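S.K.: Before I ask anything, let me first share the structure, which is written out below as structure tokens.
The values are calculated or read from the model by the stated rules, or taken from the named source; none is laboratory data. Remember, it's a predicted structure, so these values are computed and weren't measured experimentally. Quick reminder, even Gly has a Cβ in these numbers, built from the backbone with ideal geometry, and neighbours come from all protein chains shown. Accessible surface is based on the protein model in full, side chains and every heavy atom, while ligands, DNA and RNA are left aside. Shrake-Rupley method; radii C 1.70, N 1.55, O 1.52, S 1.80 Å.
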Amino acid sequence: MTEETLKHIKELEDMIRSCSGIGDCREAYMYSVNRIQVCPIYEHSPKFEVYSARGRLRILMSILDRKLDVSKKLAEIFYLCTTCGNCHTICHGTYSDNIDLFVHNFIDHVKVWEAFRADLFEMGLAMPRHLELMNSIKENNNPYFEPHKDRIKWLEGRKFPETAENVFFMGCTEPYRMPELIKKIIKVFDKCGIDYTIVHPNEVCCGSIALRIGDINTVKELAKKNIEAFKKAGAKRILIHCAGCFKTIKQNYPEILGEELPFEVVHVTEYLEQLLKEGKIKLNKKIEDKVTYHDPCHIGRASNIYDPPRNLIKSIPDLEFIEFERNRENAWCCGAGGGMKSAFPEKSVEIATDRIKEAEKIGVNKIVSACPFCEMNLSDATKESGSNIKVIDIFELLDESLD
Amino acid sequence: MNLYAQLEDIVGPDYVSNEDFVLESYAHGITGVGTKRPAIVVIPESAQEISEILKVANKKKMNVIPRGGGAGLLEGVLPLVSGGIVIDMTRMNNVIDFNENTMTVTVECGITWGKLNSFLMERGYYTGTLGPGSGMSAVVGGGLSHNTVGGGGAAKYGAVTRHCVGLEVVLPNGQILTLGSSASKYIKEPFSKWGLGPDYLGLFLGDQGIHGVKTKATLLVYPRPKYRAYKTFSIRRRGDKLWPEIILELRKKGDLGLYDVFYFPELIMQALQGLLIVKDIVVFKSIKERDPKGRAVMFYTMEAETQEALEANQKIVDEIFLNKKGITAFGPEIEDGNIAKWHYEMNGHWQVYHGFWGVMGEKSVPQTGEHHIPVHQYPDLMKKFEKWESENSELLNKVRAMSGVGSSLLCDHTTVEVDSGLTIYNIPEYHEINDKLWRSYLNMIVESGGMPYMAGMRFSRALIDVSAFSDEFYSFMKTIKDTLDPNHILSKGKYYFE
């Protein structure tokens with residue numbers, strides 16, 4: 001190991017050495033705020049320290065002090081993380097807007113995990129499955145080994161204007177793996193009279209996967225291509241549904257490129273909530289059902305978007321909404337993020353099964369989410385556990401309720 | 001059969017590891033100063049498994065370090081010699097029995113105070129004292145080993161050890177022993193520790209884990225009263241003198257239902273509010289807005305079964321505070337600066353104290369000297385702290401460390417816990433001096449009459465370093481240690497038992 005091979009964590013050394021090691025990131029129950037557990041990986045592990053944020057920060061400290069070598073096995077432990085950010089929330093949480101302890105803000109845990117993954121990637125220690133995905137992104141502009149031209153296959157020849165104020169960023173998962181969902185999103189956009197375009201064939205993978213894996217150079221390339229495409233379309237606003245794409249473009253692009261984006265990045269639930277508030281759309285049709293909302297980590301904890309999806313759901317007549325016991329910043333991760341679904345699919349579903357059981361406990365029929373990864377993984381967990389709970393996207397409800 | 005294979009046989013292959021990175025994660029204290037790596041880590045799930053592990057360790061004369069939440073601040077769970085076995089207790093984290101007839105709960109000792117109290121509060125009960133300030137991650141076994149306070153409730157319920165009426169321990173030779181009323185085969189429910197002879201259970205309370213591995217504990221539980229009151233006061237001056245005056249007046253009024261009483265001295269409030277250390281950083285946002293000079297703060301939380309009782313007690317307590325010159329009260333809500341409410345209603349105890357330690361910015365961590373004293377000694381103790389600081393100013397400056405007193409809280413009777421210590425920078429080049437300062441600081445506390453409450457390795461050795469014990473007492477301690485642990489395998493090094 002050299003200074004060069006550890007350059008990403010070296011940059012965050014102050015954060016790593018700021019951990020006071022109390023271990024609330026390991027397990028934390030707080031009756032007062034319904035806080036139940038913290039780390040999905042720790043809970044689904046043999047519970048050695050290395051499966052918790054505290055243990056991992058300790059290890060990074062030792063690596064920086066040259067007391068520990070980086071190995072393939074160690075790398076695997078660091079890839080075994082959904083990067084859900086719950087460790088960050090508990091480390092920083094006072095749960096009161098009036099109590100702000102600056103000392104709680106020294107560590108950005110997810111940033112540290114991703115920085116170390118960047119070092120691991122550069123040392124050639126990424127997970128083999130992740131490298132396969134990266135090859136596909138480089139060859140096809142998507143991680144699904146699908147031809148780039150098929151990104152809009154589901155559109156069945158529909159044409160879009162060259163330029164528009166709003167650009168809808170499709171992402172990879174929905175066009176290639178969930179075409180029915182993306183058709184619903186388009187249908188809802190049409191019902192709402194939204195003026196938008198898409199930027200195919202210039203749209204490429206957002207780079208979320210590359211970033212979570214640690215391939216920073218590829219993310220930079222992808223980011224530049226997408227930004228160029230958005231600029232070319234004259235975009236003032238980028239509308240995004242996929243939670244991973246949203247976080248990557250809104251938060252990570254400016255960080256990685258070191259420059260402000262020349263357009264606004266808005267999650268579709270934020271945009272539709274605004275239209276609802278302005279009275280431009282109405283959710284008129286009744287839906288008689290009992291649902292809960294699962295906060296995707298990338299738009300919840302990472303982006304603080306908690307109310308817009310809830311306000312939309314709650315505006316649907318007759319629809320009964322019940323919160324998960326663990327909700328908003330306490331929400332339990334679905335288990336799919338951070339490259340987990342591809343590298344550790346079984347563990348991913350194990351974690352998602354916790355969420356299904358939680359939904360059964362509160363007596364809902366459906367879990368509503370706003371992230372294709374959450375939807376896929378939670379659905380897999382219902383099949384695995386034989387649950388009758390259905391997992392749907394918020395756009396299914398919106399389509400049904402809009403005139 | 002080698003050690004690894006033997007342990008694998010006992011706990012199963014998933015729960016034993018000798019990977020270098022696994023071992024390294026068990027070899028760090030809060031300060032970043034690494035200690036020795038253990039040879040192996042095991043995570044058992046029963047007393048029987050621990051018994052087998054200890055038998056193996058005894059045969060091989062290997063050091064064994066029991067570890068709970070690893071949240072202690074005085075290096076109580078760190079290996080002091082290379083090559084030991086760490087027993088990580090965190091898989092043993094279940095509630096075994098909740099008995100409303102005896103108002104007790106029996107738990108595995110690896111359960112966190114947070115998990116246990118979430119279970120109890122759903123049923124209208126709590127453990128009274130909610131463990132330490134690290135109650136979300138600290139476990140019951142560690143709390144009983146340390147005589148824990150700080151997580152809430154200490155003024156009313158004292159340290160957690162007061163409420164332990166039953167214990168199952170595994171002795172270093174592997175024998176599983178039940179203590180308390182359940183030691184009698186005719187007593188079916190644990191309910192008291194007295195009546196069957198001397199307090200042998202007490203041998204394992206506050207023992208810093210040197211006598212045995214705690215596997216199961218029975219604690220008294222209490223109904224959580226329906227009515228609560230909270231008030232926070234700003235102290236214009238003389239806080240150090242007013243603190244003992246107020247506490248003694250409160251205690252002399254008898255039982256007022258006080259759940260907690262806290263004091264944050266001016267220095268810590270100013271530091272926290274960024275007036276001395278970092279400009280323009282909001283800490284207790286609400287207090288800062290109302291009291292920008294960073295005055296000392298005291299607060300209480302109080303409980304009662306009826307509104308009338310609550311109001312009557314509150315009147316007495318408020319009079320004691322507000323009759324003192326220079327004391328004013330903040331408003332009733334958290335946004336008014338009433339952090340007492342935050343502490344009680346939102347487990348503030350569990351979230352705030354670790355934050356204090358980072359008061360000097362990134363990489364600053366604590367080297368604590370938390371201890372107990374009778375409250376009337378508080379002003380004198382402050383002078384001794386100042387003297388130590390001045391004598392050690394050169395070294396402190398060299399590593400940019402700061403010494404001082406954070407919060408103090410009322411515990412049993414007139415005892416207060418004083419959160420004093422050092423805040424140091426976790427920078428490798430500073431480690432040697434930081435270590436030297438810490439030793440000196442702890443020695444000073446012991447020589448000043450402070451009583452460690454969580455001793456760990458650090459304070460237990462400070463007691464010996466400054467010859468706090470008489471020869472007779474230390475010899476008595478050693479006789480008990482030798483009897484229970486003839487090969488000194490358990491927690492080697494504490495109190496210099498090598």
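S.K.: Test of the criteria: in the stretch B:1-110, which trypsin sites (Lys or Arg not before Pro) are in a DSSP loop and have at most 10 other Cβ atoms within 10 angstrom of their Cβ?
M.R.: Loop-located and lightly packed - B:61.
S.K.: Can you pull out the GluC sites (Glu not before Pro) in the stretch A:1-80 whose DSSP state is coil and whose Cβ has at most 16 other Cβ atoms within 10 Å?
M.R.: Listed in order of number, the matching sites are A:3, A:4.
S.K.: Can I ask one more? Would you please give the FRET efficiency between residue B:496 and residue B:315, computed as 1/(1 + (r/R0)^6) with r the Cβ-Cβ distance and R0 = 45 Å, to the nearest 0.05?
M.R.: The computed FRET efficiency comes out at 0.30.
S.K.: How long is the gain from residue B:121 to residue B:429 if the chain were fully straight, where each residue apart is worth 0.36 nm and the alpha carbon distance is subtracted?
M.R.: This chain segment gains 106.2 nm when fully extended.
S.K.: In addition: Assign one of three labels to the stretch A:211-335, namely rounded, prolate or oblate, based on the Cα gyration tensor with a ≥ b ≥ c the square roots of its eigenvalues; rounded applies when a/c is under 1.5, prolate when it is not and a/b is larger than b/c, and oblate otherwise.
M.R.: Oblate is the answer for the stretch A:211-335, as a/c is 1.5 or above yet b/c matches or exceeds a/b.
S.K.: Can you pull out the GluC sites (Glu not before Pro) in the stretch B:107-210 that DSSP calls coil and that have at most 15 other Cβ atoms within 10 Å?
M.R.: B:122
S.K.: Taking amide H positions as placed 1.01 Å from N in the peptide plane, with prolines and chain starts having none, which residues 5 or more places from residue B:126, or on another chain, fall under 5 Å of its amide H?
M.R.: Long-range HN contacts for residue B:126: B:222, B:224.
S.K.: Here is a further query. Ranked by accessible surface with a 1.4 Å probe, highest first, in what order do A:225, A:47 come?
M.R.: Largest accessible area first, the list is A:225, A:47.
S.K.: Counting each DSSP H run of 4 or more residues in chain A as -39500 (n - 2.57), what helix-only mean residue ellipticity at 222 nm follows after dividing by all residues, to the nearest 500 deg cm²/dmol?
M.R.: Helix-only estimate at 222 nm: -12500 deg cm²/dmol.
S.K.: Note down the accessible area of residue B:451, probe 1.4 Å, to the nearest 10 Å².
M.R.: 120 Å²
S.K.: Anything losing 20 Å² or more of accessible area from the isolated chain to the full protein assembly: pick those residues out of the stretch B:108-132, probe 1.4 Å, ligands and DNA/RNA ignored.
M.R.: Correct list: B:112, B:115, B:118, B:121, B:122.
S.K.: Now for a separate question. Search the structure for amide H atoms under 5 Å from the amide H of residue A:281, placed 1.01 Å from N in the peptide plane, and list their residues when 5 or more places away or on another chain.
M.R.: Here A:276 satisfy the definition.
S.K.: Now a separate question. List the accessible area buried at the contact between B and A, summed over both sides and calculated with a 1.4 Å probe, in Å² to the nearest 100.
M.R.: For B against A, buried area totals roughly 5000 Å².
S.K.: Answer rounded, prolate or oblate for the protein assembly as shown, using the Cα gyration tensor with square roots of eigenvalues a ≥ b ≥ c: rounded when a/c is under 1.5, else prolate when a/b is larger than b/c, else oblate.
M.R.: Prolate, since a/c reaches 1.5 and a/b exceeds b/c.
S.K.: Can you tell me how chain B classifies by the Cα gyration tensor, rounded, prolate or oblate, using a/c under 1.5 as the rounded cut?
M.R.: Here chain B falls in the oblate category.
S.K.: Considering only protein heavy atoms, with the full assembly of protein chains and a 1.4 angstrom probe, order A:298, B:349 by accessible area, largest first.
M.R.: A:298, B:349
S.K.: Would you mind computing, in nm to one decimal, how far apart the modelled labels at residue B:1 and residue B:185 are, each placed 7 Å from Cα along Cα→Cβ?
M.R.: Result: 3.1 nm between the two label points.
S.K.: Output needed: Cys residues of the protein assembly as shown lacking any neighbouring Cys C-beta below 4.7 Å, sorted by number.
M.R.: A:19, A:39, A:81, A:91, A:172, A:192, A:205, B:109, B:164, B:411
S.K.: Counting helices only, and only those DSSP H runs with n ≥ 4, report the 222 nm mean residue ellipticity of chain B as the sum of -39,500 (n - 2.57) divided by its residues, in deg cm²/dmol to the nearest 500.
M.R.: -10000 deg cm²/dmol
S.K.: Then there is this: Just the accessible area per residue of the stretch A:129-275, please: how many Å² with a 1.4 Å probe?
M.R.: I get 41 Å² per residue for the stretch A:129-275.
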